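Structure, as structure tokens:
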Amino acid sequence: MASKNPASKKPVRPVAKTAARPAGEVRIIGGQWKRSKLPVADKTGLRPTPDRVRETLFNWLGQDLTGWRCVDVFAGTGALGFEAASRGAKEVTLVEQDSALVAQLRKSKEQLQAGAVQVQRGEGIAALKAWPVASADLVFLDPPFDANLFEPALQAAARAVAAEGYLYLEAPSAWGEEQLAPLGLVLYRHLKAGAVHAHLLRRV
């Protein structure tokens with residue numbers, strides 16, 4: 001019996017693991033769509049910004065984003081961009097490379113009737129490089145943590161953000177003055193929540 005148990009469990013493990021990772025959901029926490037749910041696909045590396053971090057971020061920004069022009073270039077679930085639109089942003093562009101996530105973003109846009117939101121399939125850094133110079137009031141950067149995209153994404157975002165605008169960076173480690181100054185950026189606010197470092201940056 002003892003030798004039978006491990007053998008009988010082996011084929012079950014992959015099934016159990018898959019069942020333990022169902023598609024979930026993330027909730028919009030403020031504005032006109034408060035408590036509305038966005039689906040979270042079961043995809044490796046997809047990390048919706050935690051509720052606590054989003055709540056703090058929009059407290060930093062002052063809650064009301066009426067008239068703002070925002071771009072989220074690694075959109076994923078769209079939680080950050082839809083949150084901005086929910087709080088009055090006049091234009092929110094969600095850029096995502098994964099075709100399945102793009103389809104889900106478009107579905108969420110339709111369900112929320114989010115007229116201010118545009119969904120664009122593409123690579124995030126390329127989208128920022130093509131963005132009109134100094135025209136975004138808020139740029140969201142939450143690239144995959146295991147990809148070496150932080151510095152090029154920050155460089156492109158620093159070009160796209162307006163002089164009085166903000167840049168939000170989510171990363172696995174803190175970014176300080178030594179790293180930010182050469183990019184023309186300065187740290188405005190910082191929060192560590194678990195493994196996530198949330199930064200609100202501004203142009204120097």
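Positive end of the dipole of the chain, charges at C-beta (+1 Lys, Arg; -1 Asp, Glu), about the Cα centre: which of Ala130, Ala153, Gly115 has its Cα farthest in that direction?
Gly115
Compute the longest continuous run of the chain that contains no exposed trypsin sites (Lys or Arg not before Pro); treat a site as exposed when its DSSP state is not H, G, I, E or B and it has at most 15 other Cβ atoms within 10 Å.
Here the longest segment lacking exposed loop sites spans 91-204.
Could you check the spin-label model distance between Val204 and Arg47? Points 7 Å from the Cα along Cα→Cβ, value in nm.
2.8 nm
If you plug each phi of the range 48-58 into the Karplus form 6.51 cos²θ - 1.76 cosθ + 1.60 with θ = phi - 60°, what whole-Hz ³J(HN,Hα) values come out, in order, with x for Gly and Pro?
The phi angles translate into x, 4, x, 3, 4, 5, 4, 4, 5, 4, 6 Hz.
At 0.36 nm per residue, and after removing the present C-alpha to C-alpha distance, how many nm does the segment from Gln155 to Gln111 gain when stretched out fully?
Working it through step by step, the gained length comes to 12.4 nm.
Specify the residue with the greatest mean-square fluctuation among Ala100, Ala85, Ala114, computed from a Gaussian network of the chain linking alpha-carbon atoms under 10 Å apart.
Greatest mean-square fluctuation among the candidates belongs to Ala100.
Between Ile29 and residues 5 or more places away or on another chain, which pairs have amide H atoms under 5 Å apart, with H built 1.01 Å from N, and which residues are they?
Arg35
Per-residue ellipticity at 222 nm for the chain, helices alone: DSSP H runs ≥ 4 residues times -39500 (n - 2.57), over residue total, nearest 500 deg cm²/dmol?
-9500 deg cm²/dmol
What is the angle, in °, between the Cα long axis of helix 99-112 and the longest principal axis of the Cα atoms in the chain? Nearest 10 is fine, range 0 to 90.
Around 70 degrees separate the two axes.
Scan the range 67-163 for GluC sites (Glu not before Pro) in coil per DSSP, keeping those whose Cβ has at most 15 other Cβ atoms within 10 Å, and list them by number.
Counting only loop positions with at most 15 other Cβ atoms within 10 Å, the GluC sites (Glu not before Pro) in the range 67-163 are Glu123.
Within the range 92-123, which residues have the backbone N less than 12 Å from the label spot 7 Å out from Ala130 along Cα→beta-carbon, could you tell me?
Residues passing the 12 Å test: 95-96, 120-123.
Since every read-out is calculated from the coordinates, none of them should be taken as a lab result. Owing to the predicted nature of the structure, the values given are computational and were not obtained by experimental measurement. With ideal geometry, Cβ positions are generated from the backbone for all residues, glycine too; neighbour counts draw on all protein chains shown.
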